[in-house]
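Accompanying notes for the structure given below.
Derivation of every value follows stated rules applied to the coordinates shown; laboratory data play no part. Keep in mind that this is a model prediction, so the values were computed, not measured.
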Amino acid sequence: MNWQLGGKHPTLAMGPGTSIAGQHDAQVTDANTVRVFNNNEDGNNQLGYSSIKWIRIDPARRTARLVGATTHPAGLASLAMGNAHGLSNGGVFGGWGSSPHISEFSRSGELVYDATLPVGTYRAYLGAWP
């Protein structure tokens with residue numbers, strides 16, 4: 001079944017907190033959940049802090065429900081780019097796009113690592129150093 005999450009013509013009823021704007025790096029994390037880096041900007045204006053969101057899709061009911069969200073404790077707002085990827089320990093790691101940070105969060109959403117970079121990043125990944 002095809003569906004559209006957000007945008008000008010969504011096919012799903014968007015539950016509280018599921019709005020996304022200027023999103024990047026949407027990834028399906030299980031059969032019914034999408035993780036997305038939400039820039040939270042509409043191309044002209046920053047609408048609030050950027051975040052990483054997990055949204056559960058119910059295609060039969062045609063609904064979208066927020067099941068998790070993480071924002072940076074410093075309240076970062078990224079006008080462009082950004083990503084988040086899941087870690088084997090259940091945490092998440094990502095880059096904050098035009099806000100020059102990379103961060104790791106535990107499964108419970110606690111910030112466990114953060115670095116400030118000289119410039120923003122399009123994508124950031126955590127991996128073993130050779």
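Here are the numbers for this structure:
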item	result
Nonlocal amide H pairs with Glu41, under 5 Å, H built at 1.01 Å	Ala21, Gly22, Leu47
Contour minus Cα-Cα distance for Gln27 and Asp42 (0.36 nm per residue)	3.3 nm
Rounded to whole Hz, the Karplus (6.51, -1.76, 1.60) HN-Hα couplings of the stretch 72-77, x for glycine and proline	6, x, 7, x, 6, 10
Value in Å of the Kirkwood radius, where the stretch 38-99 supplies the Cα pairs that are averaged	12.8
Paired Rg and Dmax values of the stretch 13-116, which use every Cα atom, in angstrom	13.2, 43
3J(HN,Hα) from dihedral phi, the stretch 88-96, Karplus parametrisation 6.51/-1.76/1.60, rounded to Hz, x for glycine, proline	5, 8, x, x, 9, 10, x, x, 9
